[in-house]
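The values are calculated or read from the model by the stated rules, or taken from the named source; none is laboratory data. Predicted model only: the values in this text are computed from it and were never measured. Reconstructed Cβ throughout: ideal geometry from the backbone, glycine too, with neighbour counts over all protein chains shown.
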There are 2 protein chains.
Amino acid sequence: MPDDRFEIRPVATVESPLTDLAAAPKQADEGAPEAWLVFEPGMLDALDGLRVGDRVVVLTWLHRADRDVRRVHPRGDEARPIQGVFSTRSPARPNPIGLHEVRVLAIDGGRVRVSAIEAVHGTPVVDVKLVLREVGER
Amino acid sequence: MPDDRFEIRPVATVESPLTDLAAAPKQADEGAPEAWLVFEPGMLDALDGLRVGDRVVVLTWLHRADRDVRRVHPRGDEARPIQGVFSTRSPARPNPIGLHEVRVLAIDGGRVRVSAIEAVHGTPVVDVKLVLREVGER
């Protein structure tokens, strides 16, 4: 497996008032703004059935993250001991994929408005998944 | 953004008794087995600080999924109306990333044992993230 490589092709882009990475909140519940996800024309079929009110997980590619970092101070706090990125939520990691659980607020063709999301303007979106209900209601 | 591409480099591989994709459960709580995640040698630093008992989200690359599918019958059930993949959890999607919330059961160097996970043997792992506690305990 070490020599395998896979290609990520963005399906949408984040359109957000957040432009400054340093000022961005670390998590959505720490003051992130609403945003639009602007989908590629070829992705309209994949949006079919998505509804206002749905809870979804948005997967982003954190394109400004450092992929070579293996250990960090959690939350950038140097008072906390350095540790491996897999036991943190640091954006710096070998494959910098962000997970954002949001609610769909509006849908306008290929533009989808979502609740608080901690991703800066221009961040590529790579996937959207419905949040599952309990077994039996799926 | 449409022309951007990003390269995913697997960090580990799933070692599981699940080998038959057709027989695999669709979700972990539908009868999936425990498995080992076998990390690449270069990833040991990134595992530092991970502990038995931690809840983590494992991200996989569903390498056998069809990336050209845009609409599916949810859960493969033809009685259910076809809909866009973004409002389902189908493995068939433009970027076939799987999300698996599991508990760490054991750690043996670069081998990490995790609770029920619905990924077949040989599935590439692309990331591991700690599940966050409430704001204030992070």
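Would you point out which residue out of B:H100, B:H63 is out of contact with any Asp or Glu (no Cβ under 6 Å at 6 or more places or on another chain), of a type outside the set (A, V, I, L, M, F, W, C) and in a loop (DSSP other than H, G, I, E, B)? Of B:H100, B:H63, the one residue that is out of contact with any Asp or Glu (no Cβ under 6 Å at 6 or more places or on another chain), of a type outside the set (A, V, I, L, M, F, W, C) and in a loop (DSSP other than H, G, I, E, B) is B:H63. Among (1) more than 24 Å from B:R70 (Cα to Cα); (2) assigned to a loop (DSSP other than H, G, I, E, B); (3) free of Cβ contacts under 8 Å to residues at least 40 places away in the same chain, there is one condition A:F86 misses while meeting the rest; what is its number? For A:F86, the failing item is (2).
Among the conditions (1) of a type outside the set (V, I, T); (2) at negative phi; (3) modelled with pLDDT under 95, the only one that A:E34 does not satisfy is (3).
One residue alone among A:A92, A:A24 is in contact (Cβ under 8 Å) with a residue 12 or more places away in the chain, under 13 Å from B:A46 (Cα atoms) and among the aliphatic types (A, V, I, L, M), and that residue is A:A92.
Filtering segment A:26-59 to residues that are among the aliphatic types (A, V, I, L, M), more than 9 Å from chain B (Cβ to nearest Cβ) and touching a Lys or Arg at 6+ places or on another chain (Cβ under 6 Å) leaves nothing.
Answer yes or no as to whether A:L50 is assigned to a loop (DSSP other than H, G, I, E, B), of a type in the set (A, V, I, L, M) and over 17 Å from A:L99 (Cβ atoms). So A:L50 fits the description; yes. Within segment B:50-80, the set of residues being farther than 30 Å from A:R5 by Cβ and surrounded by 11 or more Cβ atoms within 10 Å (Cβ to Cβ) comprises B:V52, B:H73, B:P74, B:R75, B:R80. Of everything in segment B:88-127 that is polar (S, T, N, Q) and facing another protein chain (nearest Cβ under 8 Å), the residue that is farthest from B:R75 (Cα to Cα) is B:N95. Residues that are at pLDDT below 95, under 22 Å from A:R93 (Cβ atoms) and at the interface with chain A (Cβ under 9 Å from one of its Cβ atoms) occur at least once in segment B:60-67.
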